[in-house]
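Okay, so here's the structure we're looking at.
A short reminder: the numbers here are calculations on the coordinates, not readings from a lab. This is a predicted model, so every value here is computed, not measured. Here the Cβ is made from the backbone with ideal geometry for all residues, glycine too, and neighbour counts use every protein chain on show.
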Amino acid sequence: MSGIEEPSLETGVLLAGIFSFAGLVHGTLGLGFPMMATPLLAMMTDMRSAILITLLPTMAVNMISIIKGGGWQNSIGKYWPLAIYVAAGSLLGSYCLIVSDPAPFKLLLAAIILLYLNMEVLKIYRIAWIEAHLQTALLLFGLTAGFLAGTVNVMVPILIILFLELDARPTAMVQVFNMCFFAGKVTQAGVFAQQGILTGSLFAATVPLAALGVLTLILGMALRARISAQIYHRWLRKLLWVNVAVLTIQYFHQS
């Protein structure tokens, strides 16, 4: 699949499988749709096209995830500035994607995640300043997450680090993550549309993929309801290890 073109039957089936898998993962963990779909799509096309194809499906999945769960005062009501910072970072990252090679940022992100996962080995048990200076932390983590979302379509590891350190409830984490994802994707869509890269016909072509992602999202949500907070946090750490491997392999494969 070179660029964005009319898919063959085989490609269509493969796309359906990718978006179904990504939706199921996102529904179960409350995050991960672009993180799962983008690397797989990037094996079929270039990174920019992969990001374009996932725009509408990601926004649809994010919106359903935000609405689901309630208790917004303890999540969106408390952490809403983070979405603004993510949008600002995504704006910068999207323009960077247009004019430069985003590959080095993948390796940087992998290194940051790896450092976090080995904090205990390095005798660093908590990032104490995060909770003590919450608004500064929201600014720094939001801008960083947004920039990485704009360049490599992955922001969740940065947000996971922030909210694991804040020891947030899974429901609040899911809602805030998706609020940030949605803000970043809307910003990115605006940049691509302004540059003439994103067209109405492309958006329309991804509607079936968005519908498929939402359907499998709902199935995954039914599974998530049975997961305890402790197991949920453990799975998030495992997901970070998967991110390190995928990002590193992608970087050296493309080098």
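Values for this structure:
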{"read-out": "Residue ID - nearest to Ala149 (Cα to Cα), chosen from residues in segment 86-101 that are hydroxyl-bearing (Ser, Thr, Tyr) and crowded, with 22+ Cβ neighbours inside 10 Å", "value": "Ser90"}
{"read-out": "Hits in segment 142-157 - residues which are within 16 Å of Leu240 (Cα to Cα) and part of a helix (DSSP H, G or I)", "value": "Ala145, Leu148, Ala149, Val152, Val156, Pro157"}
{"read-out": "Count of residues meeting criterion [in a helix (DSSP H, G or I) and either surrounded by fewer than 24 Cβ atoms within 10 Å (Cβ to Cβ) or among the hydroxyl-bearing types (Ser, Thr, Tyr) (or both)] in segment 164-173", "value": "5"}
{"read-out": "Residue count, segment 219-255 (criterion: over 26 Å from Ile161 (Cα atoms) and in contact (Cβ under 8 Å) with a residue 40 or more places away in the chain)", "value": "3"}
{"read-out": "Residues of segment 94-118 satisfying the condition of being among the hydrophobic types (A, V, I, L, M, F, W, C) and touching a residue at least 40 places away in the same chain (Cβ under 8 Å)", "value": "Cys96, Leu97, Ile98, Ala103, Phe105, Leu107, Leu109, Ala110, Ile112, Ile113, Leu114, Leu117"}
{"read-out": "Residue within segment 191-201 that is buried (at least 21 other Cβ atoms within 10 Å of the Cβ), over 14 Å from Val86 (Cβ atoms), touching a residue at least 40 places away in the same chain (Cβ under 8 Å) and not polar (S, T, N, Q) present", "value": "no"}
{"read-out": "Every pair of residues 6+ apart whose Cβ atoms lie under 6 Å, when the first sits in segment 161-174 and is over 25 Å from Ala111 (Cβ atoms) while the second is among the hydrophobic types (A, V, I, L, M, F, W, C)", "value": "Pro170/Ala229"}
{"read-out": "Residues satisfying the stated conditions in segment 65-85, i.e. β-branched (Val, Ile, Thr) and surrounded by 18 or more Cβ atoms within 10 Å (Cβ to Cβ)", "value": "Ile66"}
